[in-house]
Amino acid sequence: MLTRLMPKFSVITVTYNARQCVEETIMSVITQTYHNIEYIVIDGASTDGTMDIVRRYADRIDHIVSEPDEGLYYAMNKGMALATGDYLCFLNAGDSLHEDDTLAGMVHGLHGLKELPDILYGETALVDRHGHFISMRRHKAPAHLTWRSFRHGMMVCHQAFFAARRIAEPYDTRYRFSSDFDWCIRMMRKAHGIHDTRMTLIDYCNEGMTTRNHRASLIERYRIMCRHYGAVDATMMHVWFAIRLALRLERRGDGQ
């Protein structure tokens, strides 16, 4: 039997001048058919009317903070410090839970396990800023995920990676764009159980900060891979990444 049949999810949304997309994110949380949810919104002192939208739903949001901060991962750490749930879900403005019964389906899939896993994960659909489906994420979530899996890149989208609060540590704010990559590796190194939900969990807006700063993000990821896997392994993997990219571009050119 599970130690707790109704795990509590702390969903943390970080916003900054996200008036165009924050409402869809909020709605995807408050319309969940599973109700053991704590919802936290951390805003970086938006000036575009984001908070006017957030406050419309204040009765459905457990914690609302709007104040200047030093960036995305500082805000995520702030949300984590407020969380009281069994699992943490970081759902940034523009991203959404895939279906109204996503969390219910995740919990249903835990029945029969002897204890709650430290990490739950699943698939991610890419959407545009209007929520229209683009494609499934290029990396398919592996059936057997370990901390070594990220040697091949971020095999699971951060938003579709739910870590138990009891093992959670703050994000390393030395990394501006890829601290989530480092955080997921650290959480997997501590985890005693990693569970594949075999579900699409998240609609990810393909226009976020890391997408806009792709080169800087890749440089940070290389440093993170050196830290966790060693410089030789990280360098060899990045040579393979470059070859794979070149082959993909060549195939794309041949198809024109």
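The values are calculated or read from the model by the stated rules, or taken from the named source; none is laboratory data. Model, not experiment: these values are computed from the prediction. Heads up, the Cβs are rebuilt from the backbone with ideal geometry, glycines too, and the neighbour counts pull from every protein chain shown. These area figures cover heavy atoms from the full protein model, side chains too; ligands, DNA and RNA do not enter into them. Shrake-Rupley method; radii C 1.70, N 1.55, O 1.52, S 1.80 Å.
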Practice item. From (1) open to solvent by 30 Å² or more (accessible area, probe 1.4 Å); (2) more than 22 Å from Q32 (Cβ to Cβ), pick out the condition that doesn't hold for G153. Key: (1)
**Study point:** the stretch 174-197 - residue that is over 16 Å from the mean Cα position of the chain (by Cα) and open to solvent by 30 Å² or more (accessible area, probe 1.4 Å) and, of those, nearest to K78 (Cα to Cα)
**Key:** R174
Exercise for review: Find the residue count for the stretch 181-202, including only residues that are among the acidic types (D, E) and farther than 21 Å from L110 by Cα.
Suggested key: 1
Practice item. Select the helices (runs of 4 or more DSSP H) contained entirely in the stretch 120-238, then report the ones holding at least 1 residues which are modelled with pLDDT of 85 or more. Key: 179-190, 214-229
Review point. Would you say T146 is in contact (Cβ under 8 Å) with a residue 12 or more places away in the chain, more than 24 Å from V29 (Cα to Cα) and touching a strand residue (DSSP E or B) at 6+ places or on another chain (Cβ under 8 Å)?
Key: yes
